[in-house]
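Structure record follows, encoded as structure tokens.
The values are calculated or read from the model by the stated rules, or taken from the named source; none is laboratory data. Since this is a predicted model, take the numbers as computed values, not measurements. Here Cβ is always computed from backbone atoms with ideal geometry, including for glycine, and neighbour counts include all displayed protein chains.
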Amino acid sequence: MVLDGSNLNPLLTPSDGPPVMVENQTGKGDVLLVCEHASAALPEALGDLGLSPRALESHVAWDPGALAVARTMAKDLDAALVAARFSRLAYDCNRSPERADAITAKSERFEVPGNAGISDQERERRAAAIFQPFRDTLVAMIETKAPRALVSVHTFTPVYHGQRREVELGVLHDADSRLADALLARATQVTGLRSERNAPYGPADGVTHTLRSHALPRGLPNVMLEIRSDLVADAHSQDRVGRDLAALVRAGLDALDEED
């Protein structure tokens with residue numbers, strides 16, 4: 001899909017604000033953090049997509065706690081953080097425009113009426129308004145900061161389709177497992193969390209788009225961290241887990257340096 005919104009009605013208005021934010025842009029750390037599912041907000045033009053307030057506050061709309069954890073990590077690592085400002089139900093910034101689930105009509109048990117049967121033009125409009133600026137900002141930050149590693153921060157729901165998930169920290173990777181391997185070797189000791197490789201999702205689920213698009217072509221060590229959301233349900237736990245994960249990332253990078 002060619003993303004060109006010039007011939008489309010604009011999706012976003014001045015009251016919506018920009019689709020992407022960068023925090024701690026002047027940070028001197030050697031890690032670049034990404035949070036694609038940071039927000040449950042929807043552009044004004046999309047209304048509520050036909051969903052209840054309860055659904056729009058749930059994990060189907062965003063990754064609860066992920067932004068708070070990423071912000072703590074950014075502080076501890078003195079790292080810049082790139083985060084999406086709109087819900088993945090408007091457009092999932094961790095999916096390419098060619099994928100149907102970039103704008104999903106159903107997430108777990110929730111139907112999303114406002115996303116059902118939308119036209120190719122509407123898909124292009126949303127991708128041009130939300131995904132393109134996010135991608136361009138991330139590319140610009142990589143080029144400006146020249147980071148040592150790219151780390152994407154997410155949370156996942158503890159119960160999915162009625163099944164309890166026992167994993168507490170997922171350490172995800174695509175073709176490059178260097179950083180993931182280093183983190184998994186230290187995760188339990190540093191964080192105390194039950195950690196698994198490529199769980200509860202993995203590359204086959206299409207969740208490593210950011211890593212594939214931005215880290216692999218540049219040879220950047222990279223990882224996607226998935227924290228079970230009940231473990232970061234309040235400010236205290238978000239800060240604690242964020243600090244632990246920052247320490248884990250630093251330990252993992254130190255280990256890679258020793259191997260070089």
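For the structure I just gave you, tell me whether Ala185 is under 19 Å from Leu256 (Cβ atoms) and buried (at least 18 other Cβ atoms within 10 Å of the Cβ).
no
For the range 94-109, residues that are assigned to a strand (DSSP E or B) and either touching a His at 6+ places or on another chain (Cβ under 9 Å) or at pLDDT 95 or above (or both) total 1.
Find the residue count for the range 134-145, including only residues that are of a type outside the set (A, V, I, L, M, F, W, C) and within 15 Å of His37 (Cα to Cα). Qualifying residue count, the range 134-145: 1. Name, by its number, the condition in (1) over 29 Å from Ile103 (Cβ atoms); (2) in contact (Cβ under 8 Å) with a residue 24 or more places away in the chain; (3) crowded, with 18+ Cβ neighbours inside 10 Å that does not hold for Leu150. Here Leu150 meets the rest and fails (1). Evaluation of Thr26 against the conditions (1) in contact with a strand residue (DSSP E or B) (Cβ under 7 Å, 6 or more places away or on another chain); (2) more than 21 Å from Arg240 (Cα to Cα) shows that the sole unmet condition is (1).
Criterion applied to Gly242, Gly219 was being surrounded by fewer than 16 Cβ atoms within 10 Å (Cβ to Cβ) and over 28 Å from Ile103 (Cβ atoms), and the one residue passing it is Gly219. Taken over the range 189-216, residues that are surrounded by fewer than 16 Cβ atoms within 10 Å (Cβ to Cβ) and at pLDDT below 95 amount to 2.
Of all residues in the range 90-110, exactly one satisfies the criterion of being within 17 Å of Asp48 (Cβ to Cβ) and without any contact (Cβ under 8 Å) to a residue 12 or more places away in the chain, namely Lys106. Scanning the range 100-121 for residues that are within 25 Å of Thr137 (Cβ to Cβ), touching a helix residue (DSSP H, G or I) at 6+ places or on another chain (Cβ under 8 Å) and not hydrophobic (A, V, I, L, M, F, W, C) returns Thr104, Asn115.
Determine if the range 118-136 includes at least one residue that is within 13 Å of the chain's Cα centre (by Cα) and surrounded by 22 or more Cβ atoms within 10 Å (Cβ to Cβ). The answer is yes; a qualifying residue exists. Does Ala185 qualify as being within 21 Å of Asn9 (Cα to Cα) and at pLDDT 95 or above? So Ala185 fails the test.
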